[in-house]
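K.L.:
One structure coming up, written as structure tokens, with questions to follow.
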Amino acid sequence: MGRASRDKRDIYYRKAKEEGWRARSAFKLLQIDEEFDIFEGVKRVVDLCAAPGSWSQVLSRKLYLPAKLAPDSKGENLPLIVAIDLQPMAPIEGVIQVQGDITNARTAEVVIRHFDGCKADLVVCDGAPDVTGLHDMDEFVQSQLILAGLTIVTHVLKEGGKFIAKIFRGKDTSLLYCQLKLFFPVVTFAKPKSSRNSSIEAFAVCENYSPPEGFDPKDLHRLLEKVGSPSGVDDTDCCSGWLEGPNKVYIPFLACGDLSGYDSDRSYPLPKVDGGTYQSLDPVQPPIAPPYKRALELKKASSQGVREPENLSLDS
Ligand code: SAM
């Protein structure tokens, strides 16, 4: 699909370029905020799986820049935003970047160190594995990213704080809902208007972080494993026992974003400048080291009959 054609078929892709966002995902976070007011009173945030950085841009524009540019700002106590991804990201004003794997305990330690003993008010996680198209597999890998996010949450989120995480809806959605409910009394699954109906993606909006009494983050996985098992978990009223039959859970599911706003599944006519032809804009910030870059280099090298140079070998 050419860029102009994509501009036509994907209004949020076009709007993202017009408004200076690095990715159309920015609108998902903005629409979640419209519904849930997630930035209210927030001073410290962790952005997990942040590259190429449109959510970090939203955090910078909504939290950091207004505080920095306020007439009474002395440049002190500005909001703290820490962003993590496997991939490197071009800089964003007011955002501290950490390159690392969120499933690795050392990454969590680096994040915690940046908070210097303080806790975050909000943790967001838009993590997605490379999708295989095998729904069960994609859903499983996605759930592992959410659990890695939840591990970081149990170390850095303050009581009363919020956690927003991308989920893939599938057969284990009820289990995930119950696991999140162990820590958050209010969990809603939200579908922003900018997320296509054809996609199984949605977002868990978890409010008022309240870990079980006496909870030790070391016990997280043991606790989560008990949810949905026949014996269940004693200290939760939502998830004890099996999740089927009389114990079936009903998940609050909400469409969010202005309902009269743009529909991500519709094509829109392209605007012409001064009656002339339509000019497609360049991406705001192309990824600086995308995972597909090496594959392209290898393909090019093989089509030119060049032997693969050592530094391009697949396991380097
Ligand atoms: N929120 C981002 C934005 O607005 O620009 C888009 C995030 S993109 C959909 C998903 C990201 O998850 C990718 O950049 C990928 O590198 C990252 N990711 C996947 N697995 C990860 C892991 N284990 N640790 C850190 N990042 C991961």
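K.L.:
With r as the distance between the Cβ atoms of ARG9 and VAL186 and R0 = 41 Å, compute the FRET efficiency 1/(1 + (r/R0)^6) and round to 0.05.
P.N.:
About 0.70, to the nearest 0.05.
K.L.:
Could you please rank GLU109, GLU297, placing first whichever residue has the fewest other Cβ atoms within 10 Å of its Cβ?
P.N.:
GLU109, GLU297
K.L.:
Hey, another quick one. What is the Å³ per residue value for the convex hull set by the Cα atoms of the range 1-113? List each step's numbers first, then the result.
P.N.:
On the way: hull volume 14.7 nm³, N = 113.
In the range 1-113, the Cα hull volume divided by residue count equals 130 Å³.
K.L.:
Just from its helices, what would the mean residue ellipticity at 222 nm be for the chain, if runs of 4 or more DSSP H residues each count -39500 (n - 2.57) and the sum is divided by every residue, rounded to the nearest 500 deg cm²/dmol?
P.N.:
Taken over the chain, the calculation gives -9000 deg cm²/dmol.
K.L.:
Using 1/(1 + (r/R0)^6) with R0 = 45 angstrom and r between the beta carbons of SER267 and SER303, what's the FRET efficiency to the nearest 0.05?
P.N.:
Efficiency, from the Cβ-Cβ distance: 0.85.
K.L.:
Which value in Å is the Kirkwood Rh of the chain over different Cα pairs?
P.N.:
For the chain, inverting the mean 1/r across all distinct Cα pairs yields 21.4 Å.
K.L.:
What distance in nm lies between label points placed 7 Å from Cα along the C-beta direction at GLN279 and LEU134?
P.N.:
4.7
K.L.:
OK, next. Testing the spin-label approximation: label points 7 Å from Cα along Cα→Cβ at GLU109 and LYS171. State their distance in nm.
P.N.:
It is 3.9 nm.
K.L.:
Report, in listed order, any pair from LYS8/LYS68; LYS62/LYS181; LYS272/LYS293 with a Cα-Cα distance greater than 30 Å.
P.N.:
Over 30 Å Cα-Cα: LYS8/LYS68; LYS272/LYS293.
K.L.:
Could you work out the per residue convex hull volume over the alpha carbons of the range 144-207, in cubic angstrom? The partial results should precede the final answer.
P.N.:
Details: hull volume 5.4 nm³, N = 64.
It is 85 Å³ per residue.
Bear in mind these aren't lab numbers, they're just calculated from the coordinates by the rules spelled out. All values reported here derive from a predicted model rather than from experimental measurement. Every residue, glycine as well, gets a Cβ built from its backbone with ideal geometry; the counts of neighbours run over all protein chains shown.
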